[in-house]
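Trainee: Take a look at this one; I'll ask things after.
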């Protein structure tokens, strides 16, 4: 944890010195801690027993930048995609079909044909998609691992909009709806090629025990299918991802080891050696290994409250500005040359550049008094923030830089995405 803070502080200072946060040319940029990313991937791999039976697929939606995906592949990850764009990005990063898992509730016939031809693993979302796959496989067999996504309907976490296993979730086949369990079992028993089963019952705000409960229900279904089949019909279980991130402090909690411990307690059969396992973590790998840095353009007061106007707002942090009670971010303050700003904390609003009143990334936040030209960093934003831009006010996308520490303790930057130009904004 402390090493991450030290790397971040060094990176901000080096970025300011090297002009990556130039007040005129580049007042906004995003950064990915590549050393921290390697540490997080290592923690994920070490948390799971029987590594030869487990494949970890990074959820590309969390950060689909091709150089980030390429780095993850170098670290031994596979890739989970949910659109033709993400599939193309995964291929551009070097992932082969056998290294990719395709999840989407709205796969077109063309997308399915391509995935089957390339040997991409497919998680079927509904009975109509199952019928479509039936038709395709009757014309041409495929090497793809194919499963059905099941919604265990165990309930929501604290953020309903990202809870995927509620009773009326749009994802997967609702396990407890009348007749569905029996229909699912028959679907597996009548299709020799249907060998996998999938569940994603977690996400931000969903407690570990609830996530484990959902996995246990699907493991139980797999055991029931195999018992009725009289052989190992289901050979693989995709347990999804959705490990929550602690946005309140530097601590990594819960940890991957905590997640595995809950799964062992709730679904011991998952670790029996009879099943291959796939995971699909995204946010928990990238969030704390990225931050957004922005120059303070102006400071002022309104109604007795200090306001710092910066270049980081809804265009890079839409969830935080639009739903602040659910997506609160930590903010750190630095002076003009990138040193941590010191001083008595004073309540301040940190505002973005967008033209609506709610474009605030922090409200009444106690920070050392910010001055014009200072640098504000939005922490824990490596997943979903700068990689999923909001096009409000036609603001250009900022550059994204990866950084690592050299043996001499210096910061080495790698450009992961160049800044969008105004001409490119006009073009799109």
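This table checks each residue for (1) in a helix (DSSP H, G or I); (2) over 15 Å from residue 148 (Cβ atoms); (3) outside the structural domain of residue 180 (by TED's automatic domain parsing); (4) touching a residue at least 60 places away in the same chain (Cβ under 8 Å).
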position: 212; (1), (2), (3), (4): yes, yes, no, no
position: 217; (1), (2), (3), (4): yes, no, no, yes
position: 222; (1), (2), (3), (4): yes, no, no, no
position: 225; (1), (2), (3), (4): yes, no, no, no
position: 228; (1), (2), (3), (4): yes, yes, no, no
position: 231; (1), (2), (3), (4): no, yes, no, no
position: 245; (1), (2), (3), (4): no, yes, no, yes
position: 260; (1), (2), (3), (4): yes, yes, no, yes
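Conditions (1) in a strand (DSSP E or B); (2) out of contact with any strand residue (DSSP E or B) (no Cβ under 9 Å at 6 or more places or on another chain), marked per residue:
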residue: 329; (1), (2): no, no
residue: 338; (1), (2): no, no
residue: 361; (1), (2): yes, no
residue: 381; (1), (2): no, no
residue: 390; (1), (2): no, yes
residue: 393; (1), (2): no, yes
residue: 401; (1), (2): yes, no
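Trainee: Output the strands (runs of 3 or more DSSP E) that fall wholly within segment 1-88 and possess 2 or more residues being in the same structural domain as residue 309 (by TED's automatic domain parsing) and over 15 Å from the mean Cα position of the chain (by Cα), or say none.
Mentor: 28-33
Trainee: What residue, among those in segment 262-287 that are farther than 18 Å from residue 213 by Cα, in a helix (DSSP H, G or I) and in contact with a helix residue (DSSP H, G or I) (Cβ under 7 Å, 6 or more places away or on another chain), is modelled with the lowest pLDDT?
Mentor: Going through the qualifying residues, I end up with 283.
Trainee: Kindly indicate which of 375, 350 is over 21 Å from residue 67 (Cβ atoms) and in contact with a helix residue (DSSP H, G or I) (Cβ under 7 Å, 6 or more places away or on another chain).
Mentor: So the residue among 375, 350 that is over 21 Å from residue 67 (Cβ atoms) and in contact with a helix residue (DSSP H, G or I) (Cβ under 7 Å, 6 or more places away or on another chain) is 375.
Trainee: Scan segment 86-96 for residues that are in contact (Cβ under 8 Å) with a residue 24 or more places away in the chain and either out of contact with any strand residue (DSSP E or B) (no Cβ under 6 Å at 6 or more places or on another chain) or farther than 19 Å from residue 278 by Cα (or both) and jot them down.
Mentor: Selection gives 86, 89, 92, 93, 94.
Quick grid of which residues meet (1) farther than 17 Å from residue 299 by Cβ; (2) surrounded by fewer than 23 Cβ atoms within 10 Å (Cβ to Cβ):
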{"position": "343", "(1), (2)": "no, yes"}
{"position": "350", "(1), (2)": "no, no"}
{"position": "366", "(1), (2)": "no, yes"}
{"position": "397", "(1), (2)": "yes, yes"}
{"position": "426", "(1), (2)": "yes, yes"}
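Trainee: Of (1) touching a strand residue (DSSP E or B) at 6+ places or on another chain (Cβ under 8 Å); (2) outside the structural domain of residue 73 (by TED's automatic domain parsing); (3) over 28 Å from residue 67 (Cα atoms), residue 270 satisfies all except one. Which?
Mentor: The failed condition is (2).
Trainee: Next up: Scan 201, 161 and give me the residue that is more than 21 Å from residue 237 (Cβ to Cβ), outside any strand (DSSP E or B), at pLDDT below 95 and within 19 Å of the chain's Cα centre (by Cα).
Mentor: Result: 161 is the single residue among 201, 161 that is more than 21 Å from residue 237 (Cβ to Cβ), outside any strand (DSSP E or B), at pLDDT below 95 and within 19 Å of the chain's Cα centre (by Cα).
Trainee: Run residue 386 past the list (1) surrounded by fewer than 23 Cβ atoms within 10 Å (Cβ to Cβ); (2) within 19 Å of the chain's Cα centre (by Cα) and report the number of the one that doesn't hold.
Mentor: Answer for residue 386: the failing condition is (1).
The values are calculated or read from the model by the stated rules, or taken from the named source; none is laboratory data. Just so it is clear, the structure is predicted and the values come from calculations on it, not from any experiment. A quick note on method: Cβ atoms are made from the backbone with ideal geometry, for glycine too, and the neighbour counts reach across all protein chains shown.
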